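Here is the structure we will look at, set down as structure tokens.
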Amino acid sequence: MPAHNNEFPWMSYYGNYNFFERRMREHSKVNSIRKINASLYDIERSDGTTIKAFICECYSFDVAEYIESCQELGELDAIIISSNWCGYTFDVKRHCMSEQVGVYDIGGFMAALNMPNYWEYLTKYEREEFKENGWI
């Protein structure tokens, strides 16, 4: 469900992702960041891998929004929800992990960039919920 914007790609309220771009330029594991369009980026990591990242403000990002995003943008490697008042479901986190795609808030993405298998990153809360549900 989109946040303030019903039009894909559910852009930031401010119309930009300057905060995200600054954080990527400051990250020790990021060599470069290239903006493909308003909400799609190629993030080249220091190990030479590139992550195609979709950043958006979607009130509750779920599997349906993931499928729509892929239909609009092609295969993705990461989805970053850029707003404190927006989020994603455990269902989409699990679904995407099974496809080796990461789903995060910006802080989670910053942490995941340090991992070779970045899509496996779970916050402490997510790890507890996944264990409780028998998913890990």
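Of the residues making up the stretch 65-109, those that are hydroxyl-bearing (Ser, Thr, Tyr) and either over 20 Å from Asn18 (Cα atoms) or at pLDDT below 95 (or both) are Tyr66, Ser69, Ser82, Ser83, Tyr88, Thr89, Ser98. Kindly provide the set of residues from the stretch 112-129 that are within 18 Å of Ile81 (Cα to Cα) and either surrounded by 12 or more Cβ atoms within 10 Å (Cβ to Cβ) or under 13 Å from the mean Cα position of the chain (by Cα) (or both), ordered by number. Ala112, Leu113, Tyr118, Trp119, Glu120, Tyr121, Leu122, Thr123, Glu126 - these are the residues of the stretch 112-129 that are within 18 Å of Ile81 (Cα to Cα) and either surrounded by 12 or more Cβ atoms within 10 Å (Cβ to Cβ) or under 13 Å from the mean Cα position of the chain (by Cα) (or both).
Among the residues in the stretch 95-104, are any among the aliphatic types (A, V, I, L, M) and assigned to a strand (DSSP E or B)? Checked against the condition, which is being among the aliphatic types (A, V, I, L, M) and assigned to a strand (DSSP E or B), the stretch 95-104 yields at least one hit.
Candidates are the residues of the stretch 53-79 that are touching a Gly at 6+ places or on another chain (Cβ under 8 Å) and within 23 Å of Met115 (Cβ to Cβ); the one that is surrounded by the fewest Cβ atoms within 10 Å (Cβ to Cβ) is Asp77.
In the stretch 13-32, the residues that are of a type in the set (D, E, K, R) and in a loop (DSSP other than H, G, I, E, B) reach residues that are surrounded by 11 or more Cβ atoms within 10 Å (Cβ to Cβ) and modelled with pLDDT of 90 or more with C-beta atoms within less than 8 angstrom, at least six apart or across chains, in these pairs: Lys29/Arg45; Lys29/Ser46; Lys29/Leu113; Lys29/Asn114. For Tyr59, the criteria (1) more than 18 Å from Ala111 (Cβ to Cβ); (2) hydroxyl-bearing (Ser, Thr, Tyr); (3) at pLDDT 80 or above; (4) under 14 Å from the mean Cα position of the chain (by Cα) hold in every case but one, which is (3).
The residue that is farthest from Glu120 (Cα to Cα), among those in the stretch 81-94 that are part of a helix (DSSP H, G or I) and touching a residue at least 40 places away in the same chain (Cβ under 8 Å), is Phe90.
Here the condition is being at pLDDT below 90 and either assigned to a strand (DSSP E or B) or more than 13 Å from the chain's Cα centre (by Cα) (or both); of Phe8, Phe54, it holds for Phe8 alone.
The values are calculated or read from the model by the stated rules, or taken from the named source; none is laboratory data. Bear in mind that the values here come from a model prediction, so they are computed numbers and not experimental data. Heads up, the Cβs are rebuilt from the backbone with ideal geometry, glycines too, and the neighbour counts pull from every protein chain shown.
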